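K.L.:
Just passing along the structure, written as structure tokens.
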Amino acid sequence: IDGVFLQRFTSELAMPAFAAWRNQVASNVWAGAEAHGRVFAIMYDISGQSESTLVSTLTNDWAFLVNTMKLTASPRYQRHRGKPVVAIWGFGFTDRPGTPQDALAVIHHFKSAGCTVLGGVPTYWRTLDRDSKTDPAWATVYRAFDIISPWAVGRFQDNAGADSFKVNLIIPDLTLARSLGLDYMPVI
């Protein structure tokens, strides 16, 4: 593999033991990437996060990773178009926390900090149905990311299902993403 997204569950960061463990894992990934010529980037997963602390948890933790741990100072930290990549998985899913306003606040914070922001978004981000929240304001959120990465796990079971998924979701998603100037990274 060329690199990894290190998943960082925000719901655990308020607990000192879990936060210390996550920080050690980040240090290990960093060291491994440098030792073996691979790249890495942080992917926040907002599953289980309290909505009341969602924005502050993400923004404060990123400040810690950048200013205290100095993760993005590594030459092996993944960059896209010259900017460090940070991924946020979970905005817009029907069973995840956050409002469109929360999501936009986080995305704009990371962009103003000079990051490329990847969104791990619902499969049906484009149509705002099924696994996506249906409030039309979510369309604005999805379009605010620099990179869209729709979840595909469990969405098909066989080759025919994969072919249908490609025709009915990936191709139209990619067409829309390109028209909006967004990069598109489907989950495999």
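K.L.:
What number, in nm² with one decimal, is the all-direction average of the projected area of the convex hull of the alpha-carbon atoms of region 122-188? Show your work: numbers first, answer last.
P.N.:
Details: hull surface 16.8 nm².
With every direction weighted equally, the projected area is 4.2 nm².
K.L.:
If the viscosity is 1.567 mPa s and the temperature 4 °C, what Stokes-Einstein diffusion coefficient in µm²/s follows for region 1-59 when Rh is the Kirkwood radius over Cα pairs?
P.N.:
Details: Rh = 12.3 Å.
Rounded, D is 105 µm²/s.
K.L.:
When the helix-only estimate is applied to the chain (DSSP H runs of n ≥ 4, each -39,500 (n - 2.57), divided by the residue count), what is the mean residue ellipticity at 222 nm, nearest 500 deg cm²/dmol? Please list the in-between numbers first.
P.N.:
Working: 6 runs with 68 residues, N = 188.
Helices in the chain give a 222 nm mean residue ellipticity of -11000 deg cm²/dmol.
K.L.:
Remind me, relative contact order of region 34-170 in percent, using alpha carbon pairs under 8 angstrom and six or more residues apart?
P.N.:
Reported relative contact order: 22 percent.
K.L.:
Note the full-extension length gain between residue 165 and residue 112 as 0.36 nm times their separation in residues minus their Cα-Cα distance, in nm to one decimal. Please report the intermediate quantities before stating the final value.
P.N.:
Numbers: separation 53, 0.36 × 53 = 19.08 nm, distance 3.49 nm.
Extending this stretch completely gives an extra 15.6 nm.
K.L.:
Okay, moving on. Give a residue-ordered list of calculated ³J(HN,Hα) values for region 137-142 (Karplus: 6.51 cos²θ - 1.76 cosθ + 1.60, θ = phi - 60°; whole Hz; x for Gly, Pro).
P.N.:
5, 5, 4, 5, 4, 4
K.L.:
Let me ask something else about it. May I ask you to give the average projected area over all directions of the convex hull of the Cα atoms of region 52-153, in nm² rounded to one decimal?
P.N.:
On the way: hull surface 27.0 nm².
Averaging across all directions leaves 6.8 nm² for the Cα convex hull.
K.L.:
In Å², what does the accessible area per residue of the chain work out to with a 1.4 Å probe?
P.N.:
On the way: 9180 Å² over 188 residues.
It amounts to 49 Å² per residue over the chain.
K.L.:
Now for a different question. Rounded to two decimal places and with Rh computed the Kirkwood way over Cα pairs, what is Rg over Rh for region 1-112?
P.N.:
On the way: Rg = 13.9 Å, Rh = 14.5 Å.
A ratio of 0.96.
K.L.:
Residues with amide H under 5 Å of residue 4's amide H, sequence separation 5 or more or different chain, H placed in the peptide plane at 1.01 Å from N; which?
P.N.:
39, 40, 41
K.L.:
In the chain, with Lys and Arg counted as +1 and Asp and Glu as -1 at Cβ, which of these residues, 65, 141, 100, has the Cα nearest the positive end of the dipole, that is, farthest along it?
P.N.:
The residue sitting most towards the positive pole is 65.
K.L.:
How big is the dipole moment of the chain about its Cα centre under a simple scheme where the beta carbon of each Lys and Arg is +1, that of each Asp and Glu is -1, and everything else is neutral? Debye, nearest 20, please. Present the calculation step by step, with values, prior to reporting the outcome.
P.N.:
On the way: 17 positive and 16 negative charges, 107 e Å.
Using only the charged Cβ atoms, the result is roughly 520 debye.
K.L.:
Can you give the FRET efficiency to the nearest 0.05 for residue 130 and residue 73, using r as the Cβ-Cβ distance and R₀ = 35 Å?
P.N.:
According to the calculation, E is roughly 0.30.
K.L.:
For a Förster distance of 30 Å, can you work out the FRET efficiency between the beta-carbons of residue 60 and residue 153, rounded to the nearest 0.05? Don't jump to the answer; show the numbers that get you there.
P.N.:
On the way: r = 29 Å, r/R0 = 0.98.
After rounding, the FRET efficiency stands at 0.55.
K.L.:
Let's test the formula: R0 of 25 Å, r as the Cβ-Cβ distance of residue 139 and residue 174. What FRET efficiency results, to the nearest 0.05? If you can, show how the numbers build up before the last one.
P.N.:
Numbers: r = 17 Å, r/R0 = 0.67.
Result of the calculation: an efficiency of 0.90.
K.L.:
Under a cut-off of 18 Å between alpha-carbon atoms, report the aspartates and glutamates in cross-link reach of residue 70, not counting same-chain residues fewer than 8 places apart.
P.N.:
34, 61
K.L.:
³J(HN,Hα) across region 32-48 via Karplus (A = 6.51, B = -1.76, C = 1.60, θ = phi - 60°), whole Hz, x for Gly/Pro?
P.N.:
x, 4, 5, 5, 10, x, 10, 10, 8, 8, 8, 10, 6, 10, 8, 4, x
K.L.:
What list of whole percents do you get for P(r) of the chain, with Cα-Cα distances grouped in 5 Å bins up to the one holding the largest distance?
P.N.:
P(r) for the chain, in whole percents per bin: 1, 8, 16, 20, 19, 16, 11, 6, 2, 0.
K.L.:
Separate question: Could you give each residue of region 5-17 its phi-based ³J(HN,Hα) in whole Hz, using Karplus coefficients 6.51, -1.76, 1.60 with θ = phi - 60°, and x for Gly or Pro?
P.N.:
Karplus values, whole Hz, x for Gly and Pro: 9, 8, 6, 10, 6, 5, 5, 8, 5, 6, 9, x, 5.
K.L.:
Along the charge dipole of region 80-188, pointing to its positive end and built from +1/-1 on Cβ of Lys, Arg, Asp and Glu, which listed residue (122, 171, 109) has its Cα farthest out?
P.N.:
Of 122, 171, 109, it is 109.
The values are calculated or read from the model by the stated rules, or taken from the named source; none is laboratory data. Just so it is clear, the structure is predicted and the values come from calculations on it, not from any experiment. Positions of Cβ are backbone-derived with ideal geometry, glycine not excepted, and every protein chain shown enters the neighbour counts. All accessible areas refer to the heavy atoms of the entire protein, side chains included, with ligands and DNA or RNA removed. Shrake-Rupley method; radii C 1.70, N 1.55, O 1.52, S 1.80 Å.
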